[in-house]
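Values in this text are rule-based calculations from the coordinates and carry no lab data. Only a predicted model underlies this, so the values are computations on that prediction, with no experimental measurement involved. No Cβ is skipped: glycine too gets one built from the backbone with ideal geometry, and neighbour counts run over all protein chains shown.
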Amino acid sequence: MTELELIKGCLRQDAACQKLLFEQMAGKMFTVCLRYANDSMEAEDILQDGFIRVFNNLHQFKFEGSFEGWVRRVIVNCALKRLQKKRVVFSEINEYENNNTKVEPYAFSHLGEDDLMKLINNLPDGYRIVFNLNVIEGYSHEEIGQILNIQASTSRSQLVKARKMLQQQILELQKIAV
Amino acid sequence: MEQNLLDKHFKDKLSNYASPVPQGMWERIAAEKDRKPKVIWWWNNKSFLLIGILAITASIVGFVQYQNEKHESPKVTSTLNNKNNNLTEESVSINTNQKAAIEKTVVQNASSTSNTAEQQNKSTILEEANKEKTNKKSTATHYTQNKTNKNNYNSNLSEGNFTSPNTNKSVSTKKEFEKEDYNAKSSISNSNNNSNSLDESKTIEEIKKYNFGNANILKLNISKQNGLINKTIDNKKFEIRDCPSVDNRIRKDLFLEVYTAPEYTKKTVQATNPLYTNYANLKDSAESMVGGFTVGMRLATPLNKNWLLKAGLQYSQINERFSLQKETNRRTIVVVTTRTETDALGNTTIISDTTKYQQVDYSYTNGVGYYKNLELPVMLTYQFNSFSNTKLSLNAGLIINLSSWYKGTVISPTYQLLNVSKQENADIYKTKVGLSFVGSLNISKVVNERLDLFAEPYFRFNITNNQQSSYDIKQKFSAIGLSLGLKYNLHYSRNHF
């Protein structure tokens, strides 16, 4: 069954098509949820809300661009909405911070997906959200500022801190390995 | 460079990584998915909604029709004299029934008190009194009063039946027995309320004659109950709504109201998702309301004396002004001013002043937008009693949006300026807004027998949002306005009294 047929089936409220769509996308979308959530329970809730929203608003998909991208955007929105309710604090960094930590590529090249997920999940909420939105989802700092209702400079500083913290974690892992 | 490599590593690894999904996730989603949409599925189903509206309308019309038939007047003859004769006959027959019931009550009383001579006397008095009342009743000439009496007789008959068991319980002493009889007599006198016609003093004298104890108590009872009945009669007089016509036709009013209304409109824009907060603020600041208007017509049919049902069709338009200031260019201009100063010793100093300033270019976009709506107002009206040419009524109801379209300039969530026509409407605004609540006060003045002129200040507000749900923005309108119009009675006939 092609993606188009699958979407049309879902629009007809065909349960089999909906289940198939879920099975095809649930894994990737659950990764998205895990990246934003604090724990797996919260990620499950986001996934549930997100897919319900996908099915209820599928008629708004205009068949322009990637369908997976559209679903991913819906899931990210759900995750952000949920996090907004928790009032995530984005601490401002005004002074220039020189990042002296150097991490060679070989230090992280061997890290697998699960390791990277753990590293991301260890980040504080604000760092994690900005890192996810900028590095993985590809939003600019201006867009992140609009999405999260913060200054673009705050987004930048959060990203700097997130990177620094990730590098430190990688160095720690390297030390343990040695 | 290292940062870029690190970022790239994260993105490459995690962008398409699929984590194992917990067991039973789909079952949870399926259960939740099937539960939620049920709340509103019928609203999205046009045919179901239409059938529902038609069914409700048909039920209401059917009910009104049934009520009208139920309240149809009894047949009356063409002359007033004949009417009076018939009415008298009717009254007599009612009194006969009443008499039978009272006799039955007295017989019950008698059997429970070992048939004393005193009780026989009392029953005789009751019969006599009833006869007298019947005679007086035969002089009745007013149809409406007789109709009221009929109701009162029925209620008194019920009272008579109700008191008899109590009587059986309280016959142990003479005093109690007498009281019961006084009450029975009071009922009789009340039943004859056509003229307050039972002469109180005469009745009391009769009671005194037969040594019926404390006449003052009886007088009080009679006065009180007669007073109540008189009050009932006064109220009942004004409850008669349908005057019978000379040709026996029942009057069924149906009004057509045509109106137009200028409106002052207020819009609220609110982002339900932080993603759209800035967009909502920008949209709200760029768009300002410049009022609107409504024109329409509706039919009104009375449900009973005071209540009316109104339904119709109306077109409403809300106008707004669009004015957006947008930054198009920003540049920094550096101005360096150099001057040379030479002091008395011949030393030369070159001074350079550097000034930086930013130049920002803005573009202004102005336009007008129109929200156009085709609507179905359904209202319930309470009309206050009025004996003058000015009538007052209160209306409340719902306005069902049948179709809605926008025309004009609008800013999209991607901050693009769009010229929206009807075809593109669905992308930003809904084509069916949903429901609005409306409440109003109607003041009308009679122009002639068929025509009223009315003014109706009202308010309305959208219950549902008119922005597409995909944008997570709530845009709602509320309005106050003044309807001015004409009310025409379609079923008026000159044969009515």
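At each listed q (0.18, 0.26, 0.27 Å⁻¹), what is the log10 of I(q)/I(0) that the Debye formula gives for the range B:344-399 modelled as equal alpha-carbon point scatterers?
Log10 of I(q)/I(0), two decimals: -0.93, -1.11, -1.13.
If I build a Gaussian network model for chain A, linking alpha-carbon pairs within less than 10 angstrom, which residue out of A:ALA152, A:ALA162, A:ALA43 has the largest mean-square fluctuation?
In this elastic network of chain A, the residue with the biggest mean-square fluctuation among A:ALA152, A:ALA162, A:ALA43 is A:ALA152.
How high is the relative contact order of the range B:259-299? Use alpha-carbon pairs under 8 Å, at least six apart in sequence, and give a whole percent.
So the answer I get is 62 percent.
Between A:ILE150 and residues 5 or more places away or on another chain, which pairs have amide H atoms under 5 Å apart, with H built 1.01 Å from N, and which residues are they?
none
Provide, as a two-decimal number, the C-alpha radius of gyration of chain A over 2.2 N^0.38 Å, N being how many residues it has.
1.17
Of B:LYS310/B:LYS445; A:LYS81/B:LYS11; B:LYS266/B:LYS372; B:LYS407/B:LYS476; A:LYS28/A:LYS161; B:LYS283/B:LYS372, which sit over 21 Å apart, Cα to Cα?
Beyond 21 Å between Cα atoms: A:LYS81/B:LYS11; A:LYS28/A:LYS161.
Can you list the residues of the range B:364-398 with backbone N under 17 Å from a point 7 Å past the Cα of B:ASP253, pointing along Cα to Cβ?
B:379-396
Can you compute the modelled spin-label distance between B:ASP34 and A:ASN122, with each label point 7 Å from Cα toward Cβ, in nm?
About 4.5 nm separates the two model spin labels.
Going by average Cβ density within 10 Å per residue, which order do the peptides B:332-338, B:290-296, B:29-35 take, highest to lowest?
Taking the mean over residues of other Cβ atoms within 10 Å, the ranking is B:290-296, B:29-35, B:332-338.
Let me know the Kirkwood hydrodynamic radius for the range A:29-70, please, with Cα pairs as the basis and the value in Å to one decimal.
11.1 Å
Please give, to one decimal in nm, the separation of the simple spin-label points placed at A:ASP45 and B:ILE463, each 7 Å out from Cα toward the Cβ.
3.1 nm
Would you calculate the separation in nanometres between label points at B:LEU313 and A:ASP115, each defined as 7 Å from the Cα along the Cα-to-beta-carbon direction?
Calculated label separation equals 7.3 nm.
To the nearest 0.05, how large is the calculated FRET efficiency for B:LEU418 and A:GLU23 if R₀ is 25 Å and r is the Cβ-Cβ distance?
It comes out at approximately 0.05.
If I take R0 = 25 Å and measure r between the Cβ atoms of B:ARG321 and B:ILE53 in this structure, what FRET efficiency does the formula 1/(1 + (r/R0)^6) give, to the nearest 0.05?
Efficiency, from the Cβ-Cβ distance: 0.10.
What percentages, rounded to whole numbers, describe P(r) for the range A:1-96 computed over all alpha carbon pairs with 10 Å bin width beginning at zero?
Values per bin, smallest distances first: 15, 44, 25, 11, 4, 1.
Between B:LYS445 and B:ASN4, what length comes free when the chain is fully extended (0.36 nm per residue of separation minus the Cα-Cα distance, one decimal in nm)?
Gain on stretching B:LYS445 to B:ASN4: 150.7 nm.
Based on the Cβ-Cβ distance from A:LYS86 to B:THR328, what FRET efficiency comes out when R0 is 35 Å, to the nearest 0.05?
0.35
Of chain A, which part is the longest with no GluC sites (Glu not before Pro) in a loop (DSSP not H, G, I, E, B) and with at most 12 other C-beta atoms within 10 angstrom?
A:98-178
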